[in-house]
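The values are calculated or read from the model by the stated rules, or taken from the named source; none is laboratory data. Predicted model only: the values in this text are computed from it and were never measured. Reconstructed Cβ throughout: ideal geometry from the backbone, glycine too, with neighbour counts over all protein chains shown.
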Amino acid sequence: MSEPTSSLLADTICRTVELGVSIVDAAVDEQFTHLWCRLTTPDPRCPSCGRPGRLRDHVQRELTDLPVVGHPTRLHVHVPRYLCQNTDCATDIFRANIEHLAPPRLSVTRRVRRWILQRLAYDRMSITGIARTLGISWNTVNTIALDAAREMVYADPAHLAGVRVLGVDEHTWKHVRGNGDPSMVTVIIDLTPAVEGTGPARLLDMLPGRSADVLTAWLQARDANFRSRIRIVAMDGFLGYHTASKQSLPQAKPVMDPFHVVHLAGEKVTACRTRLQQQICGHRGRKGDPLYQARRTLLTRIGLLTATQADRLDALFADDDHAALEATHLVYQQIIDAYAQPDRRHGKIGMYKVLKRLTTGLPDGLDELAQLGRSLWQRRTQILAFFDVDVSNGPTEAINGRLEHLRGIALGFRNLTHYILRSLIHSGQLHERINAL
């Protein structure tokens, strides 16, 4: 087979044509596939004066390229060097420009940079797995990924374009203390695509700490046009986030997420059950105790109960000693039913009635319901706002789950900055910008 045909086949298989180089030789060793290449159209113009130079010699630049049939690849590119013949130019010798092939000061081709980000964003690969596939160090892969994430997020004004609905939640990024970083971060999500049905929610940013000051500082750092576009902020019951939203986004409507309202009511059901368990039995729940046996059934929606579960609840509430638990369980179910109403107006009326009853004339012995009533009545505006806008923090919780998965892939993070940038690659919906690199 002639050399031109061999080169054409190799260039086609390895897709080196998109790099602007052509393969002239190849070899393999135990670890790498080596490809020797030349530039197809070298640029002989001097970078200083712009005049064509005279060929002097060639130097070799070694670059990491995409793996070939599962083996790491090294490109050995013959880069021409030229003599500038302009006597008035300060440059004597210069290399042909290969920035189309590899970014300055990087030892990988441009498509490797894109490939690394695609593996992180699409395949959820670990840095270790990518480094092993490419045959380069963990630090090199990590640096490339983090630098690219900074460019696509913090250096790109379009990253915050079109945001009208925000989701705010806290996230535990590490479960041990140390390194001076807080264990909690504030997660900021763009819910606009999910609300408008144009796509999935996306992670906008993560902020060290969990407080009103943290969220306020981030909002104030954004321009006035961005803040004026925000019309809804969905969040949990944390008062700090509500305070920050009210101060920095006075035109936006704060919404307390239904999940957290139901979860708070469910916690009171559990608290009432454990209190009665101690009062009646004098010990924590055991296998044969009716209250302990019903611990999961009590948190199940009435319409989803099996016949066995329904009988268990009937037997439990037949005992007058469990009257407080029955009342607390009833309120819990009423809150769920209010959110489940297909007519949002009826749901809002039902929720308001529940909140009102919890704050007026509760009998003695319903301590958990009294606590729940005080907590929910204080946030009644944010709770009832859900029925007007139908926006929840569900997508935010879903992204929180993805971040937990990311932590599992990486077997833990120690550097918060790295964790934030990796999270943005993982859940920031950067796919289009990654593919355009």
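Here are some notes:
- Only residues that are crowded, with 16+ Cβ neighbours inside 10 Å, in contact with a Phe, Trp or Tyr (Cβ under 9 Å, 6 or more places away or on another chain) and farther than 14 Å from Leu146 by Cβ were counted in the range 407-433, giving 1.
- Flag: Ala294 matches the condition of being more than 30 Å from Val185 (Cα to Cα), of a type in the set (Gly, Ala, Ser) and touching a helix residue (DSSP H, G or I) at 6+ places or on another chain (Cβ under 9 Å).
- Test: residue in the range 64-78 that is polar (S, T, N, Q), exposed (fewer than 15 other Cβ atoms within 10 Å of the Cβ) and in contact (Cβ under 8 Å) with a residue 12 or more places away in the chain: no
- So Leu204, is it hydrophobic (A, V, I, L, M, F, W, C), within 24 Å of Met152 (Cα to Cα) and in the same structural domain as Tyr419 (by TED's automatic domain parsing): yes
- Residues satisfying the stated conditions in the range 214-244, i.e. touching a residue at least 40 places away in the same chain (Cβ under 8 Å) and either of a type in the set (A, V, I, L, M) or over 24 Å from Ala158 (Cβ atoms) (or both): Leu215, Ile230, Ile232, Val233, Ala234, Met235, Asp236, Gly237, Phe238, Tyr241, His242
- Among the residues here, Val17 does not qualify as β-branched (Val, Ile, Thr), in the same structural domain as His78 (by TED's automatic domain parsing) and either at positive phi or in contact with a Phe, Trp or Tyr (Cβ under 7 Å, 6 or more places away or on another chain) (or both).
- Of the residues making up the range 282-291, just one is crowded, with 17+ Cβ neighbours inside 10 Å and over 18 Å from Tyr332 (Cα atoms), namely Gly285.
- Enumerated strands (runs of 3 or more DSSP E) restricted to the range 16-105, each holding at least 3 residues that are touching a Ser or Thr at 6+ places or on another chain (Cβ under 9 Å) and within 26 Å of Ile116 (Cβ to Cβ): 21-28, 33-39, 54-68, 71-83
- Selection of the range 233-257 for residues being assigned to a strand (DSSP E or B) and either surrounded by fewer than 21 Cβ atoms within 10 Å (Cβ to Cβ) or not aliphatic (A, V, I, L, M) (or both) yields Lys253, Pro254.
- Restricting Thr40, Thr87, Thr33 to residues that are over 21 Å from Leu437 (Cβ atoms) and surrounded by 17 or more Cβ atoms within 10 Å (Cβ to Cβ) narrows the list to Thr33.
- Applying the criterion of being surrounded by fewer than 17 Cβ atoms within 10 Å (Cβ to Cβ) and within 22 Å of His58 (Cα to Cα) to the residues of the range 104-138, the residue that is nearest to the chain's Cα centre (by Cα) is Leu106.
- In the range 216-232, residue surrounded by the fewest Cβ atoms within 10 Å (Cβ to Cβ) [restricted to those that are closer than 17 Å to Thr192 by Cα and out of contact with any helix residue (DSSP H, G or I) (no Cβ under 8 Å at 6 or more places or on another chain)]: Asn225
- Looking across the range 8-21, just one residue is of a type in the set (S, T, N, Q) and surrounded by fewer than 18 Cβ atoms within 10 Å (Cβ to Cβ), and that is Thr12.
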